[in-house]
Amino acid sequence: MSSAIAVADTRDGELCAGTGQALAAARLLAGADGSLALLIVAPEPAGLAAAASFEGVERILTVEAGSGTLPSEVVAAAASAARETAAAAIVFAHGPDAMAAAPALAVELGAALVTDVTAIAAGGSGSLLTRSLYGGKVAADLALPAGVPAVVTVRSGSFTPPGEATPPTPEPLAAPDPDPAYEHLGYLEPESGNVDITRAELLVAAGRGIGERENLEQIEAVAAAFGGELAASRPLVDAGWVPASRQVGQSGRTVEPKVYLAFGISGAVQHLAGIRDAGVVIAVNSDPEAPIFRVADYGAVADAVEVAEGLERVRGG
Ligand SMILES: Cc1cc2nc3c(=O)[nH]c(=O)nc-3n(C[C@H](O)[C@H](O)[C@H](O)COP(=O)(O)OP(=O)(O)OC[C@H]3O[C@@H](n4cnc5c(N)ncnc54)[C@H](O)[C@@H]3O)c2cc1C
């Protein structure tokens, strides 16, 4: 029987949504008969342990950390929990915090490392883990090596959290020695730009296929004409055309508008990660093979700017 640990995803004294998703993936890796533990490394872990009401968690291990919960503290705590439970897998919610700790933990344990996993098949020993490569153009299935533990990070939204259950009594583990190399000063929230695209009912999104920067005005005009908000794919944000607060996708915002109208967006997996909960998806793309058409409810194989001009004309009467 194998065992797996999910490392709680915490921020500012609260459990984040990634915790349940990491637990769901850890359950798959442990197998139906395997045992599942949740590790909480935080300044006041007892309160978080009391709130960790997830079905199927047999043990909650807690480690008291400093105010910022440094990567070195997480690595030390997870290594000791992994040894204590003989864990075959240690799972994190993918993100900057996980990426600061997971590779070092894999080195510490001599474990395999698989990051940004989107699916797990088979489960238990012989698990196949799916992750994307080459900016989302290829999905790779990776088999975990036998007899070696695995450190895994899982992509947000890819695994359904378990149901609720009364949490087991937490078991405190010894806190690691403080790391003099780091000092946590605090978190800075990104500028919101006064617009919260996660609340918009209609998003009109522009991608690299709009061509020139001046064409953005046309897409903005469509958004304004229909009472929606402008959104964008990452290349337009990287180019400085659109503020980061309007980026949709894995490293941007997850949105759930009633209608998502995408102009010149290819539909890379990192972009699609942000529109999984969108209602109707409408795509305009000149390439009939563009991946966005696989998720679109309606599509037009056409020039993005021409369609945008037409829509604005129609709206204007
Ligand atoms: C770790 C990581 C995180 C990432 N996070 C994000 C993220 O949060 N959000 C995000 O969007 N991306 C993200 N990316 C980048 C992502 O992989 C893609 O590169 C990006 O989404 C592509 O943007 P795009 O569709 O606008 O551009 P492209 O992929 O270049 O696609 C442009 C599309 O426009 C079409 N086109 C060309 N001319 C026209 C025309 N005249 N009319 C209509 N269509 C036309 C083309 O057929 C093509 O499909 C991330 C990548 C990595 C590695």
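Values as computed for the structure displayed
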quantity: Residue count, the range 217-244 (criterion: touching a residue at least 24 places away in the same chain (Cβ under 8 Å) and within 12 Å of the ligand (Cβ to nearest atom)); calculated: 12
quantity: Long-range neighbours under 6 Å by Cβ, at least six apart or interchain, first residue in contact (Cβ under 8 Å) with a residue 12 or more places away in the chain and closer than 14 Å to C16 by Cα within the range 149-160, second assigned to a strand (DSSP E or B) and open to solvent by 10 Å² or more (accessible area, probe 1.4 Å); calculated: R155/D116; R155/T118
quantity: Options S245, S266; residue that is small (G, A, S) and open to solvent by less than 30 Å² (accessible area, probe 1.4 Å); calculated: S245
quantity: Residue ID - nearest to the ligand (Cβ to nearest atom), chosen from residues in the range 257-283 that are in contact (Cβ under 8 Å) with a residue 24 or more places away in the chain and assigned to a strand (DSSP E or B); calculated: F263
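The values are calculated or read from the model by the stated rules, or taken from the named source; none is laboratory data. Bear in mind the structure is a predicted one, so any value in this text is a computation, not a measurement. Cβ coordinates were reconstructed from backbone atoms using ideal geometry, including for glycine residues, and neighbour counts include every protein chain displayed. Just so you know, the surface numbers come from the protein's heavy atoms only, side chains and all, with ligands and any DNA or RNA stripped out. Shrake-Rupley method; radii C 1.70, N 1.55, O 1.52, S 1.80 Å.
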